[in-house]
Amino acid sequence: MKYAWIDAYRREFGLSELCGALKVSISGYRAGKRGGVAQRQQLTDPQMLALIQAIHAEFNSRAPMAAHAWCANCEGVVSRRARSG
């Protein structure tokens with residue numbers, strides 16, 4: 001029903017305005033038009049953990065001192081090692 005209303009006023013208003021007025025996402029509207037659900041990749045907890053560990057390992061291998069300073073700064077700690085030169 002919501003999507004039919006959006007279709008009816010699509011030429012007069014922008015898609016973001018119409019979707020916002022009905023509190024539906026643009027991706028949800030488009031998925032509904034296709035007859036499915038919005039395509040989002042949902043990761044399980046173990047998959048998310050593996051992804052985070054892989055990103056962390058790659059970041060550490062590229063610049064271990066920068067990674068240390070970045071993590072310290074996230075904790076609200078200022079690291080002197082972050083400064084170079």
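The values are calculated or read from the model by the stated rules, or taken from the named source; none is laboratory data. Note that this is a predicted model, so its numbers are computed, not measured. Counting neighbours? That spans all protein chains shown, and the Cβs are built from the backbone with ideal geometry, glycine included.
Within region 26-40, does at least one residue satisfy the condition of being hydroxyl-bearing (Ser, Thr, Tyr), modelled with pLDDT of 85 or more and surrounded by 10 or more Cβ atoms within 10 Å (Cβ to Cβ)?
Of region 26-40, the ones hydroxyl-bearing (Ser, Thr, Tyr) are 27, 29.
Right, trim to modelled with pLDDT of 85 or more and you get 27, 29.
From what's left, surrounded by 10 or more Cβ atoms within 10 Å (Cβ to Cβ): 27, 29.
Scanning region 26-40, I find at least one residue that is hydroxyl-bearing (Ser, Thr, Tyr), modelled with pLDDT of 85 or more and surrounded by 10 or more Cβ atoms within 10 Å (Cβ to Cβ), so the answer is yes.
Just to be sure before I move on: is Gly76 modelled with pLDDT under 70 and either on the phi > 0 side of the Ramachandran plot or β-branched (Val, Ile, Thr) (or both) in the structure I sent?
It is true that Gly76 is modelled with pLDDT under 70 and either on the phi > 0 side of the Ramachandran plot or β-branched (Val, Ile, Thr) (or both).
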